[in-house]
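No value in this document is a laboratory result; all are computed from the given coordinates. Owing to the predicted nature of the structure, the values given are computational and were not obtained by experimental measurement. Here the Cβ is made from the backbone with ideal geometry for all residues, glycine too, and neighbour counts use every protein chain on show.
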Amino acid sequence: MKNRLKYDVVVVGGGVAGVAAALASARKGKKVVLIEKQCILGGLATSGLITIYLPICDGKGHQVSFGISEELLRLSIKNGCQRKYPQPWLEGGSFEEKAEIRFETQFNPYYFALEMEELLKTNGVDILYDAYMFKVTRKDDIIESIHIDTVDDIKEIKANSFVDATGDAKIFNLADIKTRNYEKGNILANWYYYIRDGKLELKKFGTVEKTEYIERTTGEVIVKDRFVGGDYDSLNHFIKAAHHESLTEFTNEIKNDSSFEVVAIPMMANMRMTRCLDGEDKMILNDDDPYVQDSIGVVADWRRRGYIYEMPFSALYDPKLKNVFAAGRCIKTDDEMWDVTRAIPACAVSGEAAGIAATIYAEEKEIEITVLRDELKKAGQILNIRDIYE
Ligand SMILES: Cc1cc2nc3c(=O)[nH]c(=O)nc-3n(C[C@H](O)[C@H](O)[C@H](O)COP(=O)(O)OP(=O)(O)OC[C@H]3O[C@@H](n4cnc5c(N)ncnc54)[C@H](O)[C@@H]3O)c2cc1C
């Protein structure tokens, strides 16, 4: 492969948001490359074993997220599903039945990852695995290229536009655009799969807060109830504490039950919020006013039935960098909304919009919000809450 490459659109990060962005752009005829530092697509949803596709409905019988967000949910269980099969939604159930059960599912991470790869390949997306983006070339308000480190060489990739789907706003951060860390801190988590009595189970390790972790190698007690995202020391403490706490749990389980066996642990730190784009016009959680002028899709609050929000285009964008669009868990939000927009279905919504925005920018060198919204509607997305309840 050459050391200098040229594409219409570069997507960095192959999590759910990056997959949605690359797919949306390729379907509009763009030459797209997706850069992923690991050897599998899906990010936290697959490598991180976060295998629950949270709801794309409002919990009261109405679907709220459509387009690629729905497509990926269906793809995630194409080869079967382990739990929470949303039968009424998939098999023509009544409105009352849909109001009972949310349109969400559990999925197998490996089937999902491989299916996403096939989908992107079929749509003409080039995927570069084992490629770490470590540098950007910025000229004024434009990113001209990104640089990736690969097994044989460093490569420069030029493009007309870029999607930052890194999960931690790495392109924006490297380009000296304002980003922020999750200062409130993450609770320790390390989801894993195990077998007990021959039955496969997912353990959602880390939904309850603990305050004390022991560093295994030094025996030092680390009293740290929260781990700041976007901070390297904190990330390393998080990973080691997660490993140690998990091993302690495994050892106890095995002692008490010889049928217990661990079959998969996360290959990605289970940090919920790390670093995101910052600045004006962020997406704010306001239950009294969930409407915005520049909506690019509607997302549901997975924690509470009946709460849904319009997602503003401004959350994907910084005016100081005209050809880069954020997608997924690193879009511009306040802390409360971050907990909503980081969910897998919302990542797919922002991913699809970022992919279409990058496509439009690659052609027009500007984004006209009405054009973006028209394209998203054509792709099947519903953009305003009023259209869901009409
Ligand atoms: C403990 C925990 C529980 C959760 N529970 C749920 C849940 O039940 N349901 C739900 O829907 N959501 C849940 N979430 C949230 C959800 O899993 C993630 O927020 C979502 O999957 C993020 O998708 P993403 O594409 O934005 O980012 P990521 O999945 O983080 O993907 C980013 C990708 O970019 C790649 N990358 C990053 N930097 C570079 C670089 N410099 N060069 C190349 N590649 C790079 C990474 O390798 C990764 O593949 C949970 C998260 C956690 C941590």
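Scan region 88-108 for residues that are in a loop (DSSP other than H, G, I, E, B) and surrounded by fewer than 21 Cβ atoms within 10 Å (Cβ to Cβ) and the total you get is 6.
If you go through region 318-328 and pick out every residue that is over 15 Å from I360 (Cβ atoms), in contact with a Leu (Cβ under 8 Å, 6 or more places away or on another chain) and not acidic (D, E), you end up with 1. For residues that are assigned to a helix (DSSP H, G or I) and in contact with a helix residue (DSSP H, G or I) (Cβ under 8 Å, 6 or more places away or on another chain), tally how many sit in region 281-329. Summing the residues that are assigned to a helix (DSSP H, G or I) and in contact with a helix residue (DSSP H, G or I) (Cβ under 8 Å, 6 or more places away or on another chain) in region 281-329 gives 5. Among the residues making up region 261-280, those that are crowded, with 19+ Cβ neighbours inside 10 Å and assigned to a strand (DSSP E or B) are R275, C276, L277. Restricted to region 158-207, and to residues there that are aliphatic (A, V, I, L, M) and in a loop (DSSP other than H, G, I, E, B), the residue that is surrounded by the fewest Cβ atoms within 10 Å (Cβ to Cβ) is I187.
Only residues that are buried (at least 18 other Cβ atoms within 10 Å of the Cβ) and closer than 18 Å to V349 by Cα were counted across region 291-324, and they come to 21. Checked against (1) of a type in the set (A, V, I, L, M, F, W, C); (2) crowded, with 23+ Cβ neighbours inside 10 Å; (3) within 16 Å of the ligand (Cβ to nearest atom), M337 passes all but condition (2).
Scanning region 2-28 for residues that are in contact with a Gly (Cβ under 9 Å, 6 or more places away or on another chain) and not aliphatic (A, V, I, L, M) yields D8, G13, G14, G15, G18, S25, R27, K28. Here is the figure for region 1-47: residues that are more than 6 Å from the ligand (Cβ to nearest atom) and either not in a strand (DSSP E or B) or not small (G, A, S) (or both) total 32. Screening region 64-87 for residues that are more than 20 Å from the chain's Cα centre (by Cα) and closer than 26 Å to M311 by Cβ and picking the one that is surrounded by the most Cβ atoms within 10 Å (Cβ to Cβ) gives P86.
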